[in-house]
Amino acid sequence: MKTYLTIGFTLMLCSFLNAQDITAKIIDSNTKAAIPFVAVQTAAYKGVISNEEGEFIINLEDVDSNTIELSCLGYQTLTIPLEDLESNNYIIQLEPAINELNIIYLTNTKPNVDSIISRVNKNLIKNYKSDALSYNFFYRETSYTDFENLDLKIKKSSKVKKRQLTEANDKLAKMGNGIMNGNFVYFTDYSGTLNVMDDSLKKLNVDKATKIINSNNNVSLEAIQKNAQNTVLTYLDTTLTYKLKTGLFKIEDSLSLNDDNEDEQDLDEFKINDLKENTLSVLQKSQIDRSGMLKKILNADTYEYKLENASIANGETIYLITFQPRRSSAHFTGSLYVSEDTYGVLKLDYRYAKGKKGEKLNLKLLFGIKYIENVNTGTIIYQQNNEDIYEPRYIKSESGQYFYLNRPLKFIENSSDRDKTTFNFKIVGNMISREELLFSSINALDRLVFDTLVEKEVITYEVLRKYDASTWSGKQTLAPSVELKTFDGNKD
């Protein structure tokens, strides 16, 4: 019996080890600095990407041949056996590649940058594909809200007594201070398969979703306004209903504190259509149509380019080209990494150029509303598949908006007296959202298979207060940042 128990225990231990996740960090062999966005290949056309702090997570079951291959622009590709990871304390060092334009073209004429860009454009259709594909992915969003000013106050009321008015405004001030001093960040993760036949035929299957939030989980402008409205309503006649108006516009026609309508946002569910829209909006940045970043950047009429350098890694020459606006219609600056062999773009980094902004709306004087998109930055990494087509391997997109909302709201009784209570709602701040897409594999999609796929309407997500590595065990995911690992929603 003891022998059987020992064998059974050994088999269980081996099974546990085979399903184990490994976390490691990649650094520069010279500077010892962390290297972000390193492709970690665990099998043919399968793997993960290191995060911005150089860390990655792999599952041993996904590793073929007991080795992993690491590749990154500017560094020599390295193949390392898994057993070497532990002996190196899970630290991997990459050697810089030869990186000098003058050395590479010592005897030959240096290439013309406009000619390179022209060839990249010429080969776009050949090098990239976006239809009839099934994307296996992991998505992470990190969202922040930073409030600069929050003023909630009842200005005057024909029904609320002076003592009650003071009490109500004290409550509103306390609410505002709590929001101003809060830590409003949340993390949304989900994994699944996005199936795209063409522009009109898309289906999403989500197999798991989580949301890591603090105790003040809902800090949307709508939620803040609703909470403030309910505070005001407690001091009015609760047997009546009210119209809610701002300026010339009626917002609510029958507002009551006794409304029992359940807010859909209170459910721990995501609508699949919303997640599909999120996923597609990030994916489309990597594509070559008009909504893609490559199409915007690869325009010699609006951008100017400079060949900064070239590097040789594994026998392939790669150009480093920087770009900046030539005309006012261009908005971005950044860099392109281009293969000399195929004229395919391997990596794109972009951000708003100095003085550039995105969409904006300024109705501050007329309606008390102002909005400016002031952050737009990203990184897109491509990798060739077995048919020499460049596929997105990792996409990061960060957007930020400044918002100003100053609205005088009027609660008007639905009665013959039509008594009014005037409430001021002023809120100013910034919102930042960072979205990341990691593709573990991308496969051809058959129309007959697509037609059989059933798309759900909603997916239930798990609410967490802290990051738990076991939640995504066995999945190909992005390693958590220090910010995510140290986040504790129970403290807020």
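The values are calculated or read from the model by the stated rules, or taken from the named source; none is laboratory data. Computed from a predicted structure; not experimentally measured. Counting neighbours? That spans all protein chains shown, and the Cβs are built from the backbone with ideal geometry, glycine included. These accessible areas exclude ligands, DNA and RNA; they are computed on the full protein's heavy atoms, side chains included. Shrake-Rupley method; radii C 1.70, N 1.55, O 1.52, S 1.80 Å.
Share of antiparallel DSSP beta bridges in the chain, in percent to the nearest 5?
Working: 144 of 152 bridges.
Of those bridges, close to 95 percent are antiparallel.
When you restrict to C-alpha pairs under 8 Å that are six or more residues apart and normalise by the size of the chain, the relative contact order lands at 21 percent.
How high is the FRET efficiency from Glu308 to Thr377, r the C-beta distance, R0 25 Å, rounded to 0.05? Please report the intermediate quantities before stating the final value.
Values: r = 19 Å, r/R0 = 0.77.
Calculated value: 0.85.
Rounded to the nearest 500, what is the 222 nm mean residue ellipticity of the chain from helices alone, with -39500 (n - 2.57) per DSSP H run of 4+ residues and division by all residues? Taking each H run of at least 4 residues, the total per residue is -6000 deg cm²/dmol. A simple rule links phi to the HN-Hα coupling: the Karplus curve 6.51 cos²θ - 1.76 cosθ + 1.60 with θ = phi - 60°, which for the stretch 50-55 gives 6, 7, 5, 9, x, 9 Hz, with x for Gly and Pro. Straight-line cross-link partners of Lys485 among the aspartates and glutamates, defined as a Cα under 15 Å from its Cα and at least 8 positions apart when in the same chain: Glu52, Glu53, Glu55, Glu141, Asp189, Asp468. Going toward the positive end of the dipole of the stretch 395-492, with +1 on Lys and Arg Cβ and -1 on Asp and Glu Cβ, which of Gln401, Val458, Leu445 do you reach last? Selected residue: Gln401. Does the chain come out rounded, prolate or oblate by the C-alpha gyration tensor, with a ≥ b ≥ c the root eigenvalues, rounded set by a/c under 1.5 and, if not, prolate when a/b is larger than b/c and oblate if not? Judged from the Cα gyration tensor, the chain comes out prolate (a/c at least 1.5, a/b above b/c).
Once you charge only the Cβ atoms, +1 for Lys and Arg and -1 for Asp and Glu, what is the size of the charge dipole of the chain about its Cα centre, to the nearest 20 debye? Could you put the intermediate results ahead of the total?
Numbers: 59 positive and 68 negative charges, 530 e Å.
Charge dipole of the chain: 2540 debye, to the nearest 20.
Of Lys129/Lys296; Lys295/Lys347; Lys226/Lys396; Lys171/Lys370; Lys202/Lys356; Lys276/Lys475, which ones are farther than 22 Å apart at the Cα? Don't skip to the end; give the middle numbers.
Numbers: Lys129/Lys296 17 Å; Lys295/Lys347 14 Å; Lys226/Lys396 33 Å; Lys171/Lys370 27 Å; Lys202/Lys356 34 Å; Lys276/Lys475 20 Å.
Cα-Cα > 22 Å for Lys226/Lys396; Lys171/Lys370; Lys202/Lys356; rest within.
Sequentially through the stretch 111-116, phi angles give Karplus couplings (6.51, -1.76, 1.60; θ = phi - 60°) of x, 8, 5, 5, 5, 5 Hz, Gly and Pro residues having no value and appearing as x. For Glu269, the residues whose amide H sits under 5 Å from its own are Tyr461, ignoring neighbours fewer than 5 places away on the same chain, with H placed 1.01 Å from N.
Counting protein heavy atoms only, the chain has 48 percent of its accessible area on carbon and sulfur, 1.4 angstrom probe. Relative to the dominant Cα principal axis of the chain, helix 2-18 is inclined by about 80°. Normalised by the number of residues in the stretch 327-429, the mean separation of alpha-carbon contacts (under 8 Å, six or more apart) gives a relative contact order of 19 percent. Apply the a/c threshold of 1.5 to the C-alpha gyration tensor of the stretch 253-398 and tell me whether it is rounded, prolate or oblate. Verdict is oblate for the stretch 253-398.
In Å², and per residue, what accessible area does the chain have when probed at 1.4 Å with the other protein chains present?
On the way: 25680 Å² over 492 residues.
On a per-residue basis, the chain sits at 52 Å².
Among 126-132, 413-419, 198-204, sorting by the average number of other beta carbon atoms lying within 10 angstrom of each residue, highest first, gives 126-132, 198-204, 413-419. Relative to the dominant Cα principal axis of the chain, helix 221-233 is inclined by about 20°.
For the stretch 337-456, the square roots a ≥ b ≥ c of the C-alpha gyration tensor eigenvalues yield an a/c of 1.5 or more together with a/b not exceeding b/c, which makes the shape oblate.
Mean separation of Cα pairs under 8 Å and 6 or more residues apart, divided by the residue count, gives the stretch 110-218 a relative contact order of 33 percent. Taking Cα atoms only, the orientation of helix 162-180 departs from the longest principal axis of the chain by about 0 degrees.
DSSP loop chymotrypsin sites (Phe, Trp or Tyr not before Pro) in the stretch 291-369 with at most 11 other Cβ atoms within 10 Å of their Cβ, which ones?
On the way: sites: Tyr303, Tyr305, Tyr319, Phe323, Phe332, Tyr337, Tyr343, Tyr350, Tyr352, Phe367; in loops: Tyr343.
Taking the stretch 291-369 and a limit of 11 other Cβ atoms within 10 Å, no loop chymotrypsin sites (Phe, Trp or Tyr not before Pro) are found.
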